[in-house]
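Chemist: Before anything else, here's the structure in question.
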Amino acid sequence: MTPSFTRPGALALFPLLASLLAAACDPDLAPEAPTWVDDVQPILRSNCVRCHGERNILSAPDYFRLDLYDDLRPEGSCGNPPERGCPKLGAASPGVAVEASARVDLPSDVIGAMPPLPTRPLTDRQKTILRRWAAAIPAPLRGVRAAERPPTITLRRPIDGTRVTAGSSLTIDYVTDDPDGDVVTGEIRFGAARGENVIAPIVNSGAGQVTWNTAMPAVIPPGTYILRAGLADDAQRGAQTETVVVLGTVTVGP
Ligand code: HEC
């Protein structure tokens, strides 16, 4: 296309038009106004959340989380003296958004560059998205998600109704998933309430395996136990709620 302009007004519009056309044609071009839901969260989820999520890796700072848009515990809500690991700022918190963008922009061989080597650095498009999103502080765009669906879990073994001898071990094979693509966290337990009789903290989405030693920490009394999973996706982690899924029963016999 060779545009020909006769009026000065049309000429002034040309750069804007050209960039709009380029944006429409070039899939690598970053959106002008990126949102959390459409652009930022997928980048953080696949590059950062395993170290800066619900369970931050040991040496990663624990006052912020890149799996959440909102603050889990805002500054000023942390008691005096502040509780350990508090506040828990979300990714849209001004300092976090700006620092995250600055860290990914560092040359990858500089100490402090994110993600740290040997993880490969973000693409230019991803860096641009984080920069533009951070530039929208104090209110980086959130965007809307079509639907919020709960996470799922499938048990591969044991089968429902399995019997084991008290004191022996049982292997639990599971796969967690989330129809919205969220990271799934949670636990498998044989108690009814959150945090009660936890067999396995599930760290991330996907397949996992855990051995339940029925003698640890103490031999559990014979009886039939209901195995449950308590799962949380991104929205539930923020709200500190969970989806409880009954996985089946296991009978611990003498
Ligand atoms: C392999 C684990 C790992 C991954 C992946 C990772 N980080 Fe980090 N991050 C760390 C560690 C460890 C530190 C603390 C050391 C430091 O500050 O350099 C840190 C520090 C930071 C800090 C500085 C916080 C502060 O106040 O000092 C920011 C911001 C950050 N990371 C953002 C990111 C972003 C954004 C990504 C993804 C693009 C990412 N990180 C990926 C481990 C990781």
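All of the numbers you see were taken from the coordinates with simple rules; none came from a lab. Since the structure is predicted, the reported quantities are computational estimates derived from the model, not experimental observations. Here Cβ is always computed from backbone atoms with ideal geometry, including for glycine, and neighbour counts include all displayed protein chains.
Chemist: For the pair Ser168/Thr211, report the inter-label distance in nm, with labels modelled 7 Å from Cα in the Cβ direction.
Modeler: Label at Ser168, label at Thr211, 1.4 nm between them.
Chemist: Report the residues of segment 140-184 in range of a label on Ala218: point 7 Å along Cα→C-beta, backbone N strictly under 16 Å from it.
Modeler: Counting only backbone N, you get 167.
Chemist: Another question, if that's okay. Between Thr241 and Thr152, what length in nm is gained on full extension when 0.36 nm per residue of separation is reduced by their alpha carbon distance?
Modeler: That works out to 30.6 nm of additional length.
Chemist: Only helical DSSP H runs with n ≥ 4 go in: add -39500 (n - 2.57) per run for the chain, normalise by residue count and round the 222 nm mean residue ellipticity to 500 deg cm²/dmol.
Modeler: After summing the helix terms and dividing by residue count, I get -7000 deg cm²/dmol.
Chemist: Please identify, among Val37, Val183, Val144, the residue showing maximal mean-square fluctuation in a Gaussian network model of the chain using a 10 angstrom Cα cutoff.
Modeler: Val144
Chemist: Once you have the Cα-Cα distance between Asp124 and Asp105, take 0.36 nm times their residue separation minus that, and quote the gain in nm to one decimal.
Modeler: Full extension from Asp124 to Asp105 adds 5.9 nm.
Chemist: Continuing with this model, one more query. Anything in the chain that counts as a DSSP H helix reaching 18 Å or more along its axis (C-alpha) with Kyte-Doolittle mean of at least 0.5? List them, would you?
Modeler: Taking the DSSP H segments of the chain (at least 18 Å long, mean hydropathy at least 0.5), we get 8-25.
Chemist: For the chain, which longest stretch is free of loop sites, where a loop site is one of the GluC sites (Glu not before Pro) that DSSP puts outside H, G, I, E and B and that has at most 13 other Cβ atoms within 10 Å?
Modeler: Result, exposed sites excluded: 84-147.
Chemist: Looking only at Thr123, Thr176, Thr152, which one moves most when the chain is put into a Gaussian network model with springs between Cα atoms under 10 Å?
Modeler: Looking only at Thr123, Thr176, Thr152, the largest GNM fluctuation is found for Thr123.
Chemist: Segment 111-171 to segment 64-98: how many Å between their Cα centroids?
Modeler: Each part's Cα centre sits 18 Å from the other's.
Chemist: Compare Tyr174, Tyr225, Tyr69 in a GNM of the chain, Cα atoms joined below 10 Å, and give the one with the largest fluctuation.
Modeler: It is Tyr225.
Chemist: Which of the three applies to segment 90-157, rounded, prolate or oblate, going by the alpha-carbon gyration tensor with a ≥ b ≥ c and a/c under 1.5 meaning rounded?
Modeler: It is oblate, given that a/c is not under 1.5 and a/b is not larger than b/c.
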